[in-house]
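Visitor: Sharing a structure, written as structure tokens. Questions coming.
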């Protein structure tokens, strides 16, 4: 299956390029621009992560090591440029980050890829904790708790581009994002990329057709670490600071969540996931202290009910749409969405109230969804509690109806795709 | 000499606490094939439940209530969560427990806030047990070790002497056969999972007041437990035991020592000055490097003996 | 006679803990012959295959491929030296399409190794070879179907396809017709005969019709030892074999042609 550049593919890639290029024109505002730059960087990071998980079958809890170390090397390079010690175009800094990432990918990957599966996952956790602790122990290179700061305009102006204004940083990130997407997609079409899939599906059989499974994993690991380093360098340019948090288990968990909710079985899945994740973290964190709880719940729900991510939910609709039968499913989908909205309403109410009540420093008088009430009064507790319960009950019924309708449509279509579980 | 002895006792008691955690994790992994990423989260829940219970009814009832509550929660988690993830494979199960760890930490933030809570050692257990040449060994450390040993002996007895233990041991290797013989294997899974996390919670009850009880305790201890399990050999209880003691002693000793590589070089006549390349590295004290040692041990083990101390070869 | 031996086992033993599965097997598979290994269940036939293909390491003894020692080599090393095996329990890449499954078998032999700079879709000879193998195994019509969704017989055919795709000289087939109906077995026999033309075939089989139709020589493995090796007549006449295998050597109607 050499992927031919069909009309559909030109449309997808062209659309992606267009979206990246025009996004700041369509959605204006400083905050939106910040989010979009973060999304572009996260897309690269999440795609690099999926080279491991979705394509290689390697679950890593420590991928931030490679983006973080790439960021550290990039920030030092940038500071050298600022001092005039070396001349290097700042726009190509992500290459420095990528090479640093790949170097450490080779170093740690050699050890990590000796084992597979759950053991590999635990090793990746051990390595990220090790690197995090060592970063704090060596303040000379890593700057200790305060990290290393820099100035992204240090390279001066090239063709009018200084990287001072946020819009220029966005376009730099977007350009690298597009280039990385193409590169990582192209890698999936190479002998290594195909055998990485084979090793994911059946590592034993891959050995019996002549491939050293560990070597395949190792190479995939190094390439993945390269792109992680690219995203790390962009992060360094964007935030102008690199700290130990860049190599933390927390950040590693973040990219895992992003890639997974987007959908690991699909190449574009992590793109969707990165966008959703940045939106969650960026936009939602301003509204509620409990945003991480909501993100966690969303993640767990996806793991249990849609392990193929948002991309899989979309992909499942394609045969339905092609045969024109989406109309039959739409009412049940809308009912389920409505039930979910009710449940979420109740949940948010309860959670926000718990936060108010448990934090003695906050006044119990609160406003939510336009309503003002007292967090210790009985009425709002009962109200939100019942809403939550009602929402969950409705959701149960609605999802059963969706399943039934789905099965009916699949029966008509010949049922190639798996039905959703209730 | 007195230093070595005291640190050894401290190290062993800490190692036993670690083994309480690692053993529950290993049992669940051996039986169900899933590594519970949220295992240390139940350790944290045990500490917080015990704190809350001890504030309301005192420490001694809390010692019983907290692990039982955590075990109950664990059974619900298995029944309604893990079981759902099971058909999707081991990665999905691991990811479910990973998400669960997030949720537990956020729930703790929600209910008890983001700073540490004052979970105290009960006065009757506070104080020195005995003195060895001037240094005191606390009663509570001895109590911790006692609880750990008692729990492990009970588990061994349950697994080898009772009917349910026999069923569990059989289901460890042949769940299908055991189910065909009429035993409710899903219920066995639920009980074992609940028991495993209950064990973690018990460790939290006795560990939470000896060390600190704050929302970060799961994230701090979790990776060490996984290192123990990997170093000891995945699925090996004996390996986990040795690895727990080794790492317990390693951490305890190194935190108390200020040795530096520069001192070692000096013994061989090599002086380390501020001009020496990587001078910072040679001047790092062992006490500073202590947090990294378990991970370094794991990496060393992976290079020299990938299957761990007592693990079986993969594949 | 070692010069003509494609595969040779010398006093090979294999134990798992205290249990001896293979108790001293010496066997010589001649170049270009079709050799069947038969025996009752539990005799160690699959273990023998696992030893020959590198999945297990012998506890004692030597294994030689084309005169070169391969004892203790890893499966991919043995495969690169020209030995390819199929599995009794279908061992395919279930998420990949039929085409991709076959291509995985073609890739290493085609020489591109771990390349991440060649676009595999543009490599014409790989595509041609893959199409050729798919046509041979009769799955050309299911090119893009995910392998996990194929019928059992089609998966068995794919299993063989992956095994022969790389053009290995020594082919080991582990119960290739297991679970097949009469007509499926006949098709399988024709397929096997065709793809092993000019190559060395070692086959584990229970269906005597298949064995007698395809095999030049037969080895009888009982309790980890080879009781007899020879042509069909020689083996049938062997007293020890008759004792161990009473009544089992006469094919009832057989699916094999001559």
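The values are calculated or read from the model by the stated rules, or taken from the named source; none is laboratory data. Given the structure is predicted, the values throughout are model-derived calculations rather than measurements. Note that each Cβ is placed from the backbone with ideal geometry, even for glycine, and that neighbours are counted across all protein chains shown.
Visitor: I'm trying to understand the selection: among the residues of segment C:179-219, which are more than 18 Å from residue C:29 (Cβ to Cβ) and not in a helix (DSSP H, G or I)?
Guide: C:179, C:180, C:181, C:206, C:207
Visitor: Working carefully through the options A:179, A:225, find the one that is at pLDDT 95 or above and out of contact with any helix residue (DSSP H, G or I) (no Cβ under 8 Å at 6 or more places or on another chain).
Guide: When all the criteria are applied, what remains is A:179.
Visitor: Quick one: residue C:117 ticks every box in (1) without any contact (Cβ under 8 Å) to a residue 60 or more places away in the chain; (2) buried (at least 16 other Cβ atoms within 10 Å of the Cβ); (3) assigned to a loop (DSSP other than H, G, I, E, B); (4) facing chain A (nearest Cβ under 9 Å) bar one, so which box is it?
Guide: For residue C:117, the failing item is (2).
Visitor: Taking residue C:64, is it crowded, with 22+ Cβ neighbours inside 10 Å, within 22 Å of residue C:4 (Cα to Cα), more than 8 Å from every other protein chain (Cβ to nearest Cβ) and in contact with a helix residue (DSSP H, G or I) (Cβ under 9 Å, 6 or more places away or on another chain)?
Guide: No: the conditions fail for residue C:64.
Visitor: Just to be sure, is residue C:87 within 7 Å of another protein chain (Cβ to nearest Cβ) and either surrounded by fewer than 24 Cβ atoms within 10 Å (Cβ to Cβ) or closer than 30 Å to residue A:266 by Cα (or both)?
Guide: On the way: within 7 Å of another protein chain (Cβ to nearest Cβ): no; either surrounded by fewer than 24 Cβ atoms within 10 Å (Cβ to Cβ) or closer than 30 Å to residue A:266 by Cα (or both): yes.
Against the criterion (within 7 Å of another protein chain (Cβ to nearest Cβ) and either surrounded by fewer than 24 Cβ atoms within 10 Å (Cβ to Cβ) or closer than 30 Å to residue A:266 by Cα (or both)), residue C:87 does not qualify.
Visitor: Moving on. Which of the following residues is in a helix (DSSP H, G or I) and at pLDDT below 85: B:303, B:247?
Guide: On the way: B:247 fails: at pLDDT below 85.
One residue alone meets the criteria, B:303.
Visitor: Then there is this: Do we have residue C:107 as surrounded by 21 or more Cβ atoms within 10 Å (Cβ to Cβ), within 7 Å of chain A (Cβ to nearest Cβ) and either touching a residue at least 60 places away in the same chain (Cβ under 8 Å) or under 23 Å from residue C:160 (Cβ atoms) (or both) here?
Guide: Considered against the rule, which asks whether it is surrounded by 21 or more Cβ atoms within 10 Å (Cβ to Cβ), within 7 Å of chain A (Cβ to nearest Cβ) and either touching a residue at least 60 places away in the same chain (Cβ under 8 Å) or under 23 Å from residue C:160 (Cβ atoms) (or both), residue C:107 comes out as yes.
Visitor: Would you check if residue B:50 is more than 14 Å from chain A (Cβ to nearest Cβ) and surrounded by 20 or more Cβ atoms within 10 Å (Cβ to Cβ)?
Guide: When the stated conditions are applied, residue B:50 passes them.
Visitor: Identify, from the list A:204, A:240, the residue that is assigned by TED's automatic domain parsing to the domain that holds residue A:130, in contact with a strand residue (DSSP E or B) (Cβ under 8 Å, 6 or more places away or on another chain) and surrounded by fewer than 24 Cβ atoms within 10 Å (Cβ to Cβ).
Guide: Being assigned by TED's automatic domain parsing to the domain that holds residue A:130, in contact with a strand residue (DSSP E or B) (Cβ under 8 Å, 6 or more places away or on another chain) and surrounded by fewer than 24 Cβ atoms within 10 Å (Cβ to Cβ) holds for just one of A:204, A:240, which is A:240.
Visitor: State whether the residues of segment C:222-238 include one that is at pLDDT below 85 and surrounded by fewer than 22 Cβ atoms within 10 Å (Cβ to Cβ).
Guide: yes
Visitor: May I pose another question? Quick check on residue B:63: is it closer than 15 Å to residue B:208 by Cα and in contact with a helix residue (DSSP H, G or I) (Cβ under 8 Å, 6 or more places away or on another chain)? It would help to see each step written out before you state the result.
Guide: Working: closer than 15 Å to residue B:208 by Cα: yes; in contact with a helix residue (DSSP H, G or I) (Cβ under 8 Å, 6 or more places away or on another chain): yes.
Considered against the rule, which asks whether it is closer than 15 Å to residue B:208 by Cα and in contact with a helix residue (DSSP H, G or I) (Cβ under 8 Å, 6 or more places away or on another chain), residue B:63 comes out as yes.
Visitor: Of the conditions (1) facing another protein chain (nearest Cβ under 10 Å); (2) in a helix (DSSP H, G or I); (3) surrounded by fewer than 24 Cβ atoms within 10 Å (Cβ to Cβ), residue A:265 satisfies every one except a single condition; which number is it?
Guide: All conditions are met except number (2).
Visitor: Out of all the residues in segment A:127-149, which are within 15 Å of residue B:294 (Cα to Cα) and either touching a residue at least 40 places away in the same chain (Cβ under 8 Å) or more than 7 Å from chain B (Cβ to nearest Cβ) (or both)?
Guide: Result: A:127, A:128, A:129, A:131, A:132.
Visitor: If I filter segment A:190-207 for residues that are in contact (Cβ under 8 Å) with a residue 12 or more places away in the chain, part of a loop (DSSP other than H, G, I, E, B) and touching a helix residue (DSSP H, G or I) at 6+ places or on another chain (Cβ under 9 Å), do I get at least one hit? Can you show your working first?
Guide: The initial filter retains those residues of segment A:190-207 that are in contact (Cβ under 8 Å) with a residue 12 or more places away in the chain, namely A:192-193, A:195-201, A:203.
Retained after the next criterion (residues that are part of a loop (DSSP other than H, G, I, E, B)): none.
The answer is no; no qualifying residue exists.
Visitor: Tell me, please, whether a residue that is surrounded by fewer than 24 Cβ atoms within 10 Å (Cβ to Cβ), more than 14 Å from chain B (Cβ to nearest Cβ) and assigned to a helix (DSSP H, G or I) can be found in segment A:53-76.
Guide: Scanning segment A:53-76 turns up at least one residue that is surrounded by fewer than 24 Cβ atoms within 10 Å (Cβ to Cβ), more than 14 Å from chain B (Cβ to nearest Cβ) and assigned to a helix (DSSP H, G or I).
Visitor: Of the numbered conditions (1) surrounded by fewer than 20 Cβ atoms within 10 Å (Cβ to Cβ); (2) in a helix (DSSP H, G or I); (3) touching a residue at least 24 places away in the same chain (Cβ under 8 Å); (4) not assigned by TED's automatic domain parsing to the domain that holds residue A:402, residue A:289 satisfies every one except a single condition; which is it?
Guide: (2) is the only condition that residue A:289 fails.
Visitor: Could you check how many residues of segment B:108-123 are in contact with a helix residue (DSSP H, G or I) (Cβ under 7 Å, 6 or more places away or on another chain) and within 14 Å of chain A (Cβ to nearest Cβ)? First the steps, then the outcome.
Guide: Of all residues in segment B:108-123, those in contact with a helix residue (DSSP H, G or I) (Cβ under 7 Å, 6 or more places away or on another chain) come to B:108, B:110-113, B:117, B:119, B:121-122.
From what is left, the residues that are within 14 Å of chain A (Cβ to nearest Cβ) are B:108, B:110-113, B:117.
Within segment B:108-123, residues that are in contact with a helix residue (DSSP H, G or I) (Cβ under 7 Å, 6 or more places away or on another chain) and within 14 Å of chain A (Cβ to nearest Cβ) number 6.
Visitor: So, in segment C:120-146, exactly how many residues are out of contact with any helix residue (DSSP H, G or I) (no Cβ under 6 Å at 6 or more places or on another chain), within 9 Å of chain A (Cβ to nearest Cβ) and either surrounded by 14 or more Cβ atoms within 10 Å (Cβ to Cβ) or part of a helix (DSSP H, G or I) (or both)?
Guide: Summing the residues that are out of contact with any helix residue (DSSP H, G or I) (no Cβ under 6 Å at 6 or more places or on another chain), within 9 Å of chain A (Cβ to nearest Cβ) and either surrounded by 14 or more Cβ atoms within 10 Å (Cβ to Cβ) or part of a helix (DSSP H, G or I) (or both) in segment C:120-146 gives 4.
Visitor: Also: Among the residues of segment B:84-107, which ones are more than 7 Å from chain A (Cβ to nearest Cβ) and at pLDDT below 90?
Guide: Scanning segment B:84-107 gives B:86, B:87, B:89.
Visitor: How many of the residues making up segment A:77-101 are assigned to a helix (DSSP H, G or I) and farther than 17 Å from residue A:128 by Cβ?
Guide: Going through segment A:77-101 one residue at a time, the tally reaches 17.
Visitor: So, one more: Considering A:383, A:370, A:338, A:349, which residue is closer than 20 Å to residue A:291 by Cα and at pLDDT 85 or above?
Guide: A:349
Visitor: Let me ask something else. So, in segment C:147-166, exactly how many residues are closer than 23 Å to residue A:195 by Cβ, more than 11 Å from chain A (Cβ to nearest Cβ) and part of a loop (DSSP other than H, G, I, E, B)?
Guide: Count: 1.
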